[in-house]
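Just below is one structure, and these are the notes that go with it.
The values are calculated or read from the model by the stated rules, or taken from the named source; none is laboratory data. These figures come from a predicted structure and were not determined experimentally. Here the Cβ positions follow ideal geometry from the backbone for every residue, glycine too, while neighbour counts run over all protein chains shown. Heads up: the accessible areas ignore ligands, DNA and RNA and are worked out on the full protein's heavy atoms, side chains in. Shrake-Rupley method; radii C 1.70, N 1.55, O 1.52, S 1.80 Å.
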Amino acid sequence: MDVALDGIGKGYGGTTVLDGVSVALRGGRVHGLVGENGAGKSTLARVLCGAVRADAGRVLVDGEPVALRSPRDALRHGIALVTQEGAIVPGLSVADNVLLGTRGALRARSADRDRIAALAARAGFALDPSARAGDLPLVHRQQVEILRALARGARVIALDEPTALLPAPAARRLLRLARDLAERDGLAVVLISHRLEEVLDACDTVTVLRDGRHVTTAPAADLTPRDLLRAMVGRPVDVLYPEPEPVPDDAPVVLSVRGLARGTAVRGVGLDVRAGEIVGLAGLVGSGRTETLRLIFGADRRDAGEVTIAGRRVAGRSPSRAMALGAGLVPESRAEQGLVLVRSAAENLALASLPERRRFGFVRRRAERSAITETADTLGVGGVGRPAWTLSGGNQQRTVFGKWLVRSPRLLLVDEPTRGVDVAAKAHVHRLIAGLAARGVAVLMASSEVEEVLGLAHRVLVLRDGRVAGEFPRGASAEDVLTTAGLR
Ligand SMILES: Nc1ncnc2c1ncn2[C@@H]1O[C@H](COP(=O)(O)OP(=O)(O)OP(=O)(O)O)[C@@H](O)[C@H]1O
Ligand SMILES: [Mg+2]
């Protein structure tokens, strides 16, 4: 089945988000869609699957114009969208979720379960149809969404940043599935991603969007990541990591951690971070990176260990105490932990500095307002006055980051700072972190991208099974780090 988006236009309140975009999707092919944050990728995918009504243009299925007024309409034409956030009902079983919305299927019968199990097997998913969807890890929730599309016989599947939250092996499996769906089953697959190498690897054809316009469509084989980047940004981009300022010899220790432990996730982590120092936390999924940050911040209760911030002990579970001592945590999941989506980005930035505002009252407020404007500028988040849910994924991520910048922290704990952030903006966030450190902020940064920690941090600690398994200087080889992390 072939689908053509023809001259698609879309605006929100006077702002043009898509401007006459035409893309042709063919059965049997994987079509990549790349562009900077806010370029219009997700919006285009939503138009394709009927979730957003275009203001202009047509959607043609096998040459015939079709009206897609809702996702249900689109599904009837065989078009489905799989988003990152996932749309599952946690209380229902996998099978019920897969059948969700189909007529008459309130509870899956055993015949349905068999059919779903067969589909899952064909897709290579180890999913139990009777498991409760809410208990599934993220990887499996995404699989439920994919199955839902397949169970309804979708011939076109759009995957919006499907690998952004996945550990590397799961991401590889997903990309292989995308190829299988195209090559083996003849589907047209759309793949949206900021990982340019992955796009070039998995796709036959790639389309670049910039500011809502179509820039180019070309065979992946003819493109390099650098070509894509230039087309996305419209100018040559400097993606080198900023050289961090050397840490002064007399820089005081801002964060000191000894014997930190919780369950089997973290089993005795010790580390120091000095003022102006960026310490990277590398490790495989499940190595304890996120949990270590959360324990330091007091977001979770620790079983054992001591945390000292600026020379003061921080008791068990007390984020407010950590915050009062100048610590901030930028969490890995923006939507769940970081943002109030119905509030504007500006309000989200302001919320982060609430405790101080209470303490200092009126005078402080003006300073705060300028801090917010400045932060939004620094982050390059446009439209700070609009509800956060209308921001593109990457701009939401940057807003979460900004929340902590307006507090002028002494210690910044950062988890996956550039996840879902486009390549150019990524360099921006890197410069931001380096700039904070240069001003004396102690930074402890976890990232699943080894290149990122090695490029940005003064030194890198490698976690493995909840323990510090090794330490590397900036610029060490990624391979050595990964070997220490336990990658086979
Ligand atoms: N409901 C809405 N109301 C107002 N503006 C919106 C709405 N939905 C999207 N936008 C705006 O449209 C533009 C394109 O957003 P879109 O989500 O399509 O970007 P994207 O290319 O997917 O970016 P990212 O890589 O960050 O996910 C952004 O400026 C976004 O803020
Ligand atoms: Mg998007």
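Matching residues to (1) under 17 Å from residue 24 (Cα atoms); (2) hydroxyl-bearing (Ser, Thr, Tyr):
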site: 165; (1), (2): no, no
site: 169; (1), (2): no, no
site: 179; (1), (2): no, no
site: 186; (1), (2): yes, no
site: 191; (1), (2): yes, no
site: 195; (1), (2): no, no
site: 205; (1), (2): yes, yes
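Mind checking which residues of the stretch 331-345 are small (Gly, Ala, Ser), modelled with pLDDT under 75 and surrounded by fewer than 19 Cβ atoms within 10 Å (Cβ to Cβ)? If the condition is that a residue be small (Gly, Ala, Ser), modelled with pLDDT under 75 and surrounded by fewer than 19 Cβ atoms within 10 Å (Cβ to Cβ), then 333, 335 are the ones that fit. Can you tell me which residue among 95, 149 is out of contact with any Pro (no Cβ under 6 Å at 6 or more places or on another chain), aliphatic (A, V, I, L, M), crowded, with 19+ Cβ neighbours inside 10 Å and part of a helix (DSSP H, G or I)? When all the criteria are applied, what remains is 149.
For the stretch 442-461, the criterion of being more than 20 Å from residue 193 (Cα to Cα), assigned to a loop (DSSP other than H, G, I, E, B) and out of contact with any Cys (no Cβ under 9 Å at 6 or more places or on another chain) is met by at least one residue. If you go through the stretch 385-406 one residue at a time, do you hit one that is touching a Gly at 6+ places or on another chain (Cβ under 7 Å), in a loop (DSSP other than H, G, I, E, B) and away from ligand 2 (no atom under 16 Å from the Cβ)? No, the stretch 385-406 contains no residue that is touching a Gly at 6+ places or on another chain (Cβ under 7 Å), in a loop (DSSP other than H, G, I, E, B) and away from ligand 2 (no atom under 16 Å from the Cβ).
Quick grid of which residues meet (1) at pLDDT below 80; (2) charged (D, E, K, R):
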| position | (1), (2) |
| --- | --- |
| 393 | yes, no |
| 403 | yes, yes |
| 417 | no, no |
| 422 | yes, yes |
| 432 | no, no |
| 439 | no, yes |
| 443 | no, no |
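What tally of residues in the stretch 6-38 results from selecting those that are within 16 Å of ligand 2 (Cβ to nearest atom), among the hydrophobic types (A, V, I, L, M, F, W, C) and either open to solvent by 30 Å² or more (accessible area, probe 1.4 Å) or touching a Ser or Thr at 6+ places or on another chain (Cβ under 8 Å) (or both)? Here the count works out to 6. Of all residues in the stretch 378-399, those satisfying the criterion of being at negative phi and within 7 Å of ligand 1 (Cβ to nearest atom) are 382, 386, 390, 391, 392, 393, 394, 395. If you go through the stretch 172-215 and keep only what is among the β-branched types (Val, Ile, Thr) and within 16 Å of ligand 1 (Cβ to nearest atom), you end up with 190, 192, 199, 206, 207, 208, 215. The residue of the stretch 413-433 that is nearest to residue 274 (Cα to Cα), among those that are touching a helix residue (DSSP H, G or I) at 6+ places or on another chain (Cβ under 7 Å) and part of a helix (DSSP H, G or I), is 433. Applying a threshold of 9 Å to beta carbon distances and a minimum spacing of six or more residues, or different chains, the list of pairs starting in the stretch 402-417 at a residue that is without any contact (Cβ under 8 Å) to a residue 24 or more places away in the chain and not assigned by TED's automatic domain parsing to the domain that holds residue 297 and ending at one that is among the polar types (S, T, N, Q) and open to solvent by 30 Å² or more (accessible area, probe 1.4 Å) is empty. Looking only at residues in the stretch 259-289 that are surrounded by fewer than 22 Cβ atoms within 10 Å (Cβ to Cβ) and not in a strand (DSSP E or B), the one that is modelled with the highest pLDDT is 275. As a summary of the residue check, residue 419 satisfies the conditions (1) open to solvent by 30 Å² or more (accessible area, probe 1.4 Å); (2) near ligand 1 (Cβ under 10 Å from one of its atoms) except for the one numbered (2). From the list 154, 164, the one residue that fits, being of a type in the set (A, V, I, L, M) and in contact with a strand residue (DSSP E or B) (Cβ under 6 Å, 6 or more places away or on another chain), is 154. Restricting the stretch 43-54 to residues that are in a helix (DSSP H, G or I) and buried (at least 24 other Cβ atoms within 10 Å of the Cβ), the residue that is nearest to ligand 2 (Cβ to nearest atom) is 44. In the stretch 420-439, the residues that are free of Cβ contacts under 8 Å to residues at least 24 places away in the same chain and over 17 Å from residue 374 (Cα atoms) never reach a residue that is within 16 Å of ligand 2 (Cβ to nearest atom) and not in a helix (DSSP H, G or I) with C-beta atoms less than 6 angstrom apart, at least six apart or across chains.
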